[in-house]
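Only one structure is covered here, and it is reproduced in the block below.
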Amino acid sequence: MSGIRFEFDPQCLPDIMRSEKVRGALKSEADRIAPVAKAIARSEISEEFAASIEVVEEVRPQGRPTAKVIADRADAEAHEHGDSNTQRRRVLGRAAHTRVDPS
């Protein structure tokens with residue numbers, strides 16, 4: 001491929017990050033993680049905790065889109081990181097690092 005040169009223009013990065021393909025990829029990854037997190041929460045904590053896990057999409061103040069899996073409960077941080085009364089479970093962290101075979 002001689003003679004072909006590609007130069008990335010960093011000024012186009014914000015437009016790329018806001019594109020539907022990038023936003024779709026972010027949402028797709030969050031949608032893959034959420035059921036794994038729910039399964040871990042269901043087996044180790046409770047059905048109610050699993051029900052609090054959801055995918056949330058947002059755009060950061062400087063325009064960067066995100067899609068993340070959250071547990072919307074007061075005790076979610078304690079279950080994720082542990083505290084003096086709650087064992088550390090890392091439900092969301094473990095789910096994010098679990099690969100599921102698509103077959």
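The values are calculated or read from the model by the stated rules, or taken from the named source; none is laboratory data. Keep in mind the model is a prediction, meaning the values are calculated, not measured. No Cβ is skipped: glycine too gets one built from the backbone with ideal geometry, and neighbour counts run over all protein chains shown. Side chains included, ligands, DNA and RNA excluded: accessible areas come from the protein's heavy atoms. Shrake-Rupley method; radii C 1.70, N 1.55, O 1.52, S 1.80 Å.
Details
- Scan of segment 61-92 for residues that are modelled with pLDDT under 90 and closer than 30 Å to ASP15 by Cα, ordered by number: PRO61, GLN62, GLY63, ARG64, LEU92
- Neighbours by Cβ (under 9 Å, 6+ apart or cross-chain): first from segment 1-20, more than 14 Å from VAL59 (Cα to Cα); second open to solvent by 100 Å² or more (accessible area, probe 1.4 Å): none
- Residue that is nearest to ARG90 (Cα to Cα), among those in segment 14-38 that are basic (Lys, Arg) and part of a helix (DSSP H, G or I): LYS38
- Taking segment 39-57 as the range and being in a helix (DSSP H, G or I) and acidic (Asp, Glu) as the test, the residues that pass are GLU44, GLU47, GLU48.
- The condition (being free of Cβ contacts under 8 Å to residues at least 40 places away in the same chain and touching a helix residue (DSSP H, G or I) at 6+ places or on another chain (Cβ under 8 Å)) is satisfied by just one residue among ARG42, ARG60: ARG42.
- Search result, residues across segment 43-61 that are surrounded by fewer than 17 Cβ atoms within 10 Å (Cβ to Cβ) and either of a type in the set (Asp, Glu) or more than 15 Å from the chain's Cα centre (by Cα) (or both): SER43, GLU44, SER46, GLU47, GLU48, ALA51, GLU54, GLU57, GLU58, PRO61
- Number of the condition not met by MET17 [criteria: (1) open to solvent by 80 Å² or more (accessible area, probe 1.4 Å); (2) at pLDDT below 90]: (1)
- Tally, over segment 1-60, of residues that are more than 26 Å from GLU77 (Cα to Cα) and touching a Lys or Arg at 6+ places or on another chain (Cβ under 7 Å): 1
- Just so you know, in segment 63-103 the residues that are assigned to a helix (DSSP H, G or I) and among the aliphatic types (A, V, I, L, M) include one that is nearest to SER19 (Cα to Cα), and it is ALA96.
- Filter result (of a type outside the set (A, V, I, L, M, F, W, C) and in contact with a strand residue (DSSP E or B) (Cβ under 9 Å, 6 or more places away or on another chain)) within segment 74-103: GLU77, HIS79, GLU80
- With respect to the stated conditions, ARG73 fails to be surrounded by 12 or more Cβ atoms within 10 Å (Cβ to Cβ) and touching a residue at least 40 places away in the same chain (Cβ under 8 Å).
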